[in-house]
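Only one structure is covered here, and it is reproduced in the block below.
The values are calculated or read from the model by the stated rules, or taken from the named source; none is laboratory data. Since the model is a prediction, treat every value here as computed from it, not as a measurement. Because the Cβ atoms are built from the backbone with ideal geometry, glycine has one as well, and the counts that use them run over all protein chains shown.
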Amino acid sequence: MPAHVHDPVEVEHDQVMEPEQGSLGRPEQGRLRHSHPFPRPTRPAPYDASMDVDAVVAPPSVAKPLRLAPFRALTLSPGRVGDPASARAFARPYRAVAERLAGWQSRGHVSQDTAFGLYLHEYTVAGLSIRGLVGALDLSRRATRIEERAVWPHEGIHPGQVSELARRMAEMGMNPAPILLVHDGTPQIRAVVDEVGSGEPGWDFTDQAGQHHRIWAIRDPGQLDRVNEGLAATDALVADGHHRYAAYLALQEERPGTPWDRGLAMLVDQQDTPLFLGPIHRTLVGTPLAAVSAAAREAGARVRELPQHEALNALEPHTLVVTNGRSWAVLDLAGAPVELALGWLLDQLIPRLPTPPKRIDHHHSAEDAMSAASSKVTGVLLPATDYGQVRDIIGRGLLLPEKATSFQPKPSLGVLMRSVHDE
């Protein structure tokens, strides 16, 4: 797939993809084999033999212990956080971004903290509050064995996009947003979070997108030590930002011993203030509903044609719902040896279609997928993936299919940024 990088943060959320890579990756046996800068693909070739099998690779993994270093946060003014114009500014040519930030800083639209610290960032969206620790993630060591991993990617990446992001970050001299990590926090870390969060926040505002933010700086040496002592006993899953994470690693390999040994990350305790795991639905462009139903039967699924409301109510972990906007069917995979419904779609159903889809589009809401369905476009509604299921799969050294799940909500752009020129 060609690299289409529209901004420095959301490259991994491009909504249109060519026919997809297959299902779960093969287990990595014992030692992790890395070539520079990325390992070879760990998943089988997709159903479309014309697709470049080198297009998707597994990013390397940072080795334990998991560590967050203090930094001096850059923040956009509340009136610019969550503003689409701010996001567009980050999509400008590289040097223009740095110049724009310098101009904003001179006019008071960007501020920098007076001292180094970690940050507790709480953001609230539609009544759901998420808390995470934000710091500079130590990238200086690579895992050579699965059990040494401190950070676990769950999706493959496209090296072309990674290279573009790395160039962009290097030219800007900054991490414009933290990657989002989740972990099962320890009591020690939760105690620090509770202590810090019981005080008055240093920042308290609602942004242009309606997110409410409260931020506390953590500078007490004892609290900082307790955080990293607690982190040493845990590991983290990349929830959002796989391409930025891989770009961090590429920059670190190019410039070891510099501030690029670290990359901005937000670490959320999934057992305390969990992110919601939502499905990413598909539309199969150029594929009629009848062809999908026939392929599903051939793949061993039970196909039930139902009214819309009954079909939607039947969406469960081992079912998919397909539609052309007028007719609806439930594909029941009960009894099939599948780990993810998406894996079955990619590995079992699509290869049995008379002709491959012209492309596969991705949709973060069922409404978008349904509205895109037509006589020549089949919408495929997928069930959500459970967090424990994701952890189990990656713990066996496997990768999920691309865009298998979406962790929500994500914080707005511009709340916390990091300049490498400051360290």
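What are the pairs with Cβ atoms under 6 angstrom where one residue, in segment 139-151, is within 16 Å of Thr234 (Cα to Cα) and the other, located anywhere, is modelled with pLDDT of 95 or more and among the aromatic types (Phe, Trp, Tyr)? Sequence gap at least six, or different chains.
Sorted first by the residue in segment 139-151, then by its partner, the pairs are Leu139/Tyr248.
Surrounded by fewer than 23 Cβ atoms within 10 Å (Cβ to Cβ) and in contact with a Leu (Cβ under 9 Å, 6 or more places away or on another chain): is that true of Ala232 in this structure? Don't jump to the end; show me each part of the working.
Numbers: surrounded by fewer than 23 Cβ atoms within 10 Å (Cβ to Cβ): yes; in contact with a Leu (Cβ under 9 Å, 6 or more places away or on another chain): yes.
Yes; evaluated as a whole, the condition is true for this residue.
For the condition within 26 Å of Leu413 (Cβ to Cβ) and aliphatic (A, V, I, L, M), what is the one hit in Leu237, Leu224? I'd like the intermediate steps shown before the answer.
Numbers: Leu224 fails: within 26 Å of Leu413 (Cβ to Cβ).
Just a single option satisfies the conditions, and that option is Leu237.
Which residue pairs have Cβ atoms closer than 6 Å, lie 6 or more positions apart in sequence or on different chains, and pair a first residue in segment 309-335 that is closer than 17 Å to Leu345 by Cα with a second residue that is exposed (fewer than 14 other Cβ atoms within 10 Å of the Cβ)?
His318/Ala334; Asn324/Ser375; Ala329/Glu305
Applying the selection to segment 182-217, what residues are among the basic types (Lys, Arg) and closer than 22 Å to Gly82 by Cα? Spell out the reasoning first.
Step one: filter segment 182-217 for residues among the basic types (Lys, Arg), giving 190, 214.
Scanning segment 182-217 gives a single hit, Arg214.
Quick check on Thr287: is it touching a Pro at 6+ places or on another chain (Cβ under 9 Å) and either at pLDDT 95 or above or under 30 Å from Glu122 (Cα atoms) (or both)?
Working: touching a Pro at 6+ places or on another chain (Cβ under 9 Å): yes; either at pLDDT 95 or above or under 30 Å from Glu122 (Cα atoms) (or both): yes.
So Thr287 fits the description; yes.
Please verify whether Glu155 is in contact with a His (Cβ under 6 Å, 6 or more places away or on another chain) and either outside any strand (DSSP E or B) or touching a residue at least 40 places away in the same chain (Cβ under 8 Å) (or both), treating the condition exactly as stated. Step through it out loud before you land on a result.
Numbers: in contact with a His (Cβ under 6 Å, 6 or more places away or on another chain): yes; either outside any strand (DSSP E or B) or touching a residue at least 40 places away in the same chain (Cβ under 8 Å) (or both): yes.
Here the answer is yes, as Glu155 does meet what is asked.
Out of the helices (runs of 4 or more DSSP H) lying entirely within segment 311-423, which hold 1 or more residues that are in contact with a Phe, Trp or Tyr (Cβ under 9 Å, 6 or more places away or on another chain) and either assigned by TED's automatic domain parsing to the domain that holds Asn175 or modelled with pLDDT under 90 (or both)?
Ranges flagged: 387-395.
Can you go through Leu331, Leu342 and tell me which one is hydrophobic (A, V, I, L, M, F, W, C), under 30 Å from Ile179 (Cα atoms) and within 30 Å of the chain's Cα centre (by Cα)? Outline the logic, then answer.
Numbers: Leu331 fails: under 30 Å from Ile179 (Cα atoms).
Residue meeting the stated conditions: Leu342.
At pLDDT 95 or above, in a strand (DSSP E or B) and within 30 Å of Pro409 (Cβ to Cβ) - does that describe any residue in segment 94-117?
Yes, segment 94-117 contains at least one residue that is at pLDDT 95 or above, in a strand (DSSP E or B) and within 30 Å of Pro409 (Cβ to Cβ).
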